[in-house]
Amino acid sequence: MSSITAMKRVGASKKDYGYSNARVRGMRSRLQKQAFMDSLMGAKDLGAVIQSLMETEYGPDLEEQLLHGRTSGQIDLALKDNMVRTFRKVLSLSNDESLEVLGALLGRWDLFNIKTIIRGRHMSLTAEEIIESMMPVGQLTQIDLDELARQQSVKGVVDTLATWKLPFAVPLRAAMPEYIEDGNLAVLELALDKYYMEWAARRLKGRGVNQRLSRRFLGTQIDTINLLTCFRLLNADLGDQDALRFFLPGGTHVSEQLFRDLASMSDVDEVYDRLKRTPYGRPVEDVALKYIESGSISVFERALEDYLMRRAFAAGRGEPLGVGIIISYLWMKANEVTNLRIIVKGISVGMPVERMREELIVV
C-alpha cells in the first residue's frame, strides 16, 4: 500500500487548503538560501560540511546517520532520509483532493527509481551503485528498492515487481521479449514512460483548477521526455522503424507532427529553429553551444530538467488555496536535496567550486 493511500485513513478530507498551505509556506521558509549553498561549496572538508548542516533542519537526520561513520555516504543517506520524512509530513497535511493529485505526480519517483534499477542491472552496476542514485519518496520504500537493486538481472527485477503485483510490471513484462532479443534498453524505458503517463493522466481527469494545473505540469514532463527522445534520434539510423513508436501522447506543446519533424532532423540548428516558437526554444538555445563542443546529449537533458523544475516552482504562484503551493514546495525541496548531495559528493572528491556550481540543478 502506498504512503499516499495510508494518509487517507487519518481523516485528510477534514483539512482544507488554508491549513495545509500555511504549514507548507512555513516549511518553504526554511529552505536554504543561495548564500548557504555558496558557503557550503567553499567548505575545506566534510567536517566543515557536517558542521554547517548540523545547524539546519538536516541536523537530526545527520545525527542518526553519523553514528555509522562521518563519510560522504552517511551524509548522503541523511539528506535522503530528510527528504523522505519531509514528503511524508507534507502528505500528512494534505486533503483528499491534493493527495489524489500529488499521488499522480509523485509517481514519477517510482518511475525514476525503477528505470534507475533497470539501467543499473543492464549496465551490470553493483547494488550499492544503484541504491546510491535512488530516492524512496513514491510508493516503493527503501526496503523495496534495496531488494530490487539486489536482483541479478533485468529479468529478475521485472519478475520481482510481478511477484509483488505492482502495476509497473505489466508494461515491462510485455516489452521483455523484445529487450531479450536485441538488448535495447530503450524499449523497456519507453514502456515504463507510456504506462506512467497514461496512468497519471487518468488520475488527473477532473475539471477543477488543481487538476488542470497538474495536467499542464504532467504535459510539460511528457514534452521534455519527447524532446529528449528527439535529441537522441539525431543522426540515428532507425532503419524501417517509425519514429512515432517512441512518441508519448499528452504533451502540451510537442504534438505528434512536431515530434515527427524533429525526429527526422540531423542537425541541432534545425531542431532549435523548429522549437524557437515554443517555450523550449530558449532552454535549447542556451546549451546548443555546449552540445556542439561536447557532443553529449546530457546537456539537453540537463537543460530540460532545469526547465521542468522551474515550471514546478512556478506552480505556487497561482491559486493561494490550491495544490500548486504544495507541488512547488515539494519540487523545491527535491531540488535542494539534489544540490546538497552534489556538493557533498564534490567536496568528498575535491571537485573545484566552479565545477560544482555547474553541476547544481537550479540555483
Selected residue [free of Cβ contacts under 8 Å to residues at least 12 places away in the same chain and either more than 19 Å from the chain's Cα centre (by Cα) or buried (at least 17 other Cβ atoms within 10 Å of the Cβ) (or both)] from Leu106, Leu125: Leu125
Breaking point among (1) among the basic types (Lys, Arg); (2) within 30 Å of Glu97 (Cβ to Cβ); (3) surrounded by 14 or more Cβ atoms within 10 Å (Cβ to Cβ), for Arg302: (2)
Count of the stretch 122-138 residues which are under 26 Å from Thr71 (Cα atoms) and part of a helix (DSSP H, G or I): 6
Candidates Leu172, Leu190, filtered to the one that is in a helix (DSSP H, G or I), among the aliphatic types (A, V, I, L, M) and at pLDDT 95 or above: Leu172
Residue that is surrounded by the fewest Cβ atoms within 10 Å (Cβ to Cβ) [pool: residues in the stretch 310-356 that are of a type in the set (Lys, Arg) and within 20 Å of the chain's Cα centre (by Cα)]: Arg310
Condition check for Met197: closer than 16 Å to Thr252 by Cα and not in a loop (DSSP other than H, G, I, E, B): yes
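Every residue, every condition in (1) in a helix (DSSP H, G or I); (2) within 30 Å of Tyr17 (Cα to Cα); (3) within 23 Å of the chain's Cα centre (by Cα), yes or no:
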site	(1), (2), (3)
Met265	no, no, no
Asp286	yes, no, yes
Val299	yes, no, yes
Leu308	yes, yes, yes
Within the stretch 57-80, considering residues that are of a type in the set (A, V, I, L, M, F, W, C) and surrounded by 18 or more Cβ atoms within 10 Å (Cβ to Cβ), the one nearest to the chain's Cα centre (by Cα): Leu79
Sole residue being exposed (fewer than 12 other Cβ atoms within 10 Å of the Cβ) and either in contact (Cβ under 8 Å) with a residue 24 or more places away in the chain or among the hydrophobic types (A, V, I, L, M, F, W, C) (or both), chosen from Leu262, Leu289: Leu289
Subset of the stretch 33-51 [among the aliphatic types (A, V, I, L, M) and surrounded by 14 or more Cβ atoms within 10 Å (Cβ to Cβ)]: Met37, Leu40, Met41, Ala43, Leu46, Ala48, Val49, Ile50
Residue within the stretch 139-160 that is out of contact with any helix residue (DSSP H, G or I) (no Cβ under 6 Å at 6 or more places or on another chain), under 30 Å from Gly318 (Cα atoms) and not in a helix (DSSP H, G or I) present: no
Exclusive hit being at pLDDT 95 or above, under 24 Å from Val344 (Cα atoms) and buried (at least 20 other Cβ atoms within 10 Å of the Cβ), set Met83, Met27, Met54: Met83
So Thr116, is it at pLDDT 95 or above and over 30 Å from Phe217 (Cα atoms): no
Out of Val254, Val287, sole residue that is touching an Asp or Glu at 6+ places or on another chain (Cβ under 7 Å) and modelled with pLDDT of 90 or more: Val254
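A quick yes/no check of all residues on (1) touching a residue at least 40 places away in the same chain (Cβ under 8 Å); (2) of a type outside the set (A, V, I, L, M, F, W, C); (3) surrounded by fewer than 17 Cβ atoms within 10 Å (Cβ to Cβ); (4) not in a helix (DSSP H, G or I):
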{"position": "Arg202", "(1), (2), (3), (4)": "no, yes, yes, no"}
{"position": "Asn210", "(1), (2), (3), (4)": "yes, yes, no, no"}
{"position": "Leu213", "(1), (2), (3), (4)": "yes, no, no, no"}
{"position": "Arg216", "(1), (2), (3), (4)": "no, yes, yes, no"}
{"position": "Gln221", "(1), (2), (3), (4)": "yes, yes, no, no"}
{"position": "Leu227", "(1), (2), (3), (4)": "yes, no, no, no"}
{"position": "Phe231", "(1), (2), (3), (4)": "yes, no, no, no"}
{"position": "Leu244", "(1), (2), (3), (4)": "no, no, yes, no"}
{"position": "Val254", "(1), (2), (3), (4)": "no, no, no, yes"}
Which listed residue, of Ala314, Ala334, is out of contact with any Phe, Trp or Tyr (no Cβ under 9 Å at 6 or more places or on another chain), part of a helix (DSSP H, G or I), touching a residue at least 12 places away in the same chain (Cβ under 8 Å) and within 30 Å of Tyr17 (Cα to Cα): Ala314
Some residue of the stretch 60-68 being farther than 17 Å from Tyr17 by Cα and of a type in the set (S, T, N, Q): yes
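The values are calculated or read from the model by the stated rules, or taken from the named source; none is laboratory data. This one's a predicted model, so the numbers in the text were calculated from it and none came from an experiment. Positions of Cβ are generated from backbone atoms using ideal geometry, with glycine treated the same way; all protein chains shown enter the neighbour counts.
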